[in-house]
Each structure stands twice: as C-alpha cells, then as structure tokens.
1. Which residues, counting only those in segment 48-58, are in contact (Cβ under 8 Å) with a residue 12 or more places away in the chain and either open to solvent by 50 Å² or more (accessible area, probe 1.4 Å) or farther than 18 Å from residue 11 by Cβ (or both)?
2. Could you please let me know if residue 84 is modelled with pLDDT of 85 or more, in a helix (DSSP H, G or I) and of a type outside the set (Ser, Thr, Tyr)?
Amino acid sequence: MIEIAYILWCVIASYLGCRFVVWAMKRNLPVPSGAFAAIRFFVVWCLTLVVSVFLYMLVAAGPFIYLISNPDRFGGMEESVLIFGGLILQLPYWVGFFKGIDLQVTRRFST
C-alpha cells in the first residue's frame, strides 16, 4: 500500500513540476530574433531550465532522498519502486528541455 502512495506522490509532484517548468519556459522564451539570437537562446534556455528544475528538485526530491537515506522507513520499500519513483520525478527536466526548443523553433519559423 505504501508503494502505491509513494508512486502516486511521485506522479503528483512530477505533474506540478512539469507545470512549473513549462510556466518558467513560457515566461522567458522565446528570445527575440536579431544578432546572436542562437547564443541568447542557449543561455536563457539553459539558465531557465537549470534554475526551474533546481527549485522543483529542492521541493520534490527532498522526501525522495529522505526515503533512500534509511531503507527501514516506511517498511523498507523495494529498491525498484524507489528507482521508478526517481524516474518519474525526472520528467519535468525533459519536459522543460523539449518545451524550450519547441517555443523557440515555433517562434522562429512563424515569422
């Protein structure tokens, strides 16, 4: 039962993290066209992705690390369940990675 609650918590945290990362990307991208647009995009995209995923992981990964640090907590969940939860928690990084590229490419080819 605790495994199901843990996976459900990971899914909810990942969904909220995806929403936060996409919000941060939409707020900062696309960069305007002009001189050095590719370099500005890369810098803004990387900074936005790193900062937003760091803030997400600070909130979401804290309990995850707490569970891994002592396997006796919560009845000693299987390692495979913990790893699966960790994979679910990585989803906002990939969403932000691809959404940033999508925002810039869509803007660039729409003008």
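1. Passing the criteria: 48, 49, 51, 52, 55, 57.
2. When the stated conditions are applied, residue 84 passes them.
Yes or no, residue by residue, for (1) surrounded by fewer than 11 Cβ atoms within 10 Å (Cβ to Cβ); (2) at pLDDT below 85; (3) more than 30 Å from residue 108 (Cβ to Cβ):
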residue: 5; (1), (2), (3): yes, yes, yes
residue: 9; (1), (2), (3): no, no, yes
residue: 35; (1), (2), (3): yes, yes, no
residue: 40; (1), (2), (3): no, no, no
residue: 70; (1), (2), (3): yes, yes, yes
residue: 73; (1), (2), (3): no, yes, yes
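The values are calculated or read from the model by the stated rules, or taken from the named source; none is laboratory data. Not measured: the values here are computed from a predicted model. Please note: Cβ atoms are built from the backbone with ideal geometry, for glycine as well, and neighbour counts cover all protein chains shown. The accessibility values were calculated without ligands, DNA or RNA, using every heavy atom of the protein model including side chains. Shrake-Rupley method; radii C 1.70, N 1.55, O 1.52, S 1.80 Å.
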